[in-house]
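The values are calculated or read from the model by the stated rules, or taken from the named source; none is laboratory data. Note that the coordinates shown come from a computational prediction; the quantities given were computed from them, not determined experimentally. Methodologically, a virtual Cβ is constructed for each residue, glycine included, from the backbone with ideal geometry; neighbour enumeration extends over all protein chains shown.
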Amino acid sequence: MEVKVGLVSTGNDRFFSAFIHDISQRKEVERMKDEFVSTVSHELRTPLTAIYGSLSLLSSGMAGELPDDVKQLLAISHESTERLIRLINDLLDLDKIASGKLEYRMQEQPLRPLLEHAVRDTQAYAEGLRVQFRMVGDEQGRVNADADRIVQVCVNLLSNAAKFSPKGADVEVGIAHPEPGWVRVWVADRGPGVPPEFRERMFQRFARADASDRRARGGTGLGLSICRSIVEAHGGRMGFTTEPDVRTEFYFELPESE
């Protein structure tokens, strides 16, 4: 229940007034919505994973050579199924973050191998877009982190940079020390950048510059919001700088282990 109390003055007389708003129904609707999203996501993930696996086998030639028109339809189905699985995984991560159930297995470790792991995992995707990753410098750093979750953040930044880069361009990746006690992972591209009117909403859920951007680029608009939650759970911070068509850099910073 939400209660608002204010002081009201009329001439020489003063009195208190209270305004009571019952928000229990709204809270219950929000709880039911969250439970629905979580249940549907779990129920959809298993059959979609099976469908994705079958489509992958067909695409690999397991069933023999297929006609060109069938290959085209198969490729569209494969890509659409992959997009649905990403959406469901993002929704499940959001549900865990909101309920405080996202687990972290923290361990002190070097940061560079995690970034290199993410680059390897994303390389094939970038090559499909005719984009190359280029590691810059040899900076090191040790952090107390969940390896899988930090790789997840790096993969998201790398795939976003590849997605918005011009064909034939390089995406630069590196590690830096912006100030004592902190280590930064940064990813820079030469794409269109972030529009000024959108910058304040960049890390919000379902944030997209516009609807046409969603159709052209794909994605859920959840990735950066999830990444920021993961980084903040590590005691870190996340940000970006952008100069359209010149250089846009997304980065996250973590406390460096002594």
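Let's see how each residue does on (1) among the β-branched types (Val, Ile, Thr); (2) within 22 Å of ASN160 (Cα to Cα):
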residue: LEU55; (1), (2): no, no
residue: LEU66; (1), (2): no, no
residue: ILE76; (1), (2): yes, yes
residue: SER80; (1), (2): no, yes
residue: ASN89; (1), (2): no, yes
residue: LEU111; (1), (2): no, yes
residue: LEU115; (1), (2): no, yes
residue: GLN123; (1), (2): no, yes
Kindly provide the set of residues from the range 64-79 that are surrounded by fewer than 16 Cβ atoms within 10 Å (Cβ to Cβ) and either under 16 Å from TYR125 (Cβ atoms) or in contact with a Cys (Cβ under 8 Å, 6 or more places away or on another chain) (or both), ordered by number. ALA75, GLU79
Across the range 127-140, what is the number of residues that are crowded, with 18+ Cβ neighbours inside 10 Å and out of contact with any Ser or Thr (no Cβ under 8 Å at 6 or more places or on another chain)? 0
Please pick out the residue among LEU94, LEU66 that is over 21 Å from THR39 (Cα atoms) and either part of a helix (DSSP H, G or I) or at pLDDT 75 or above (or both). LEU66
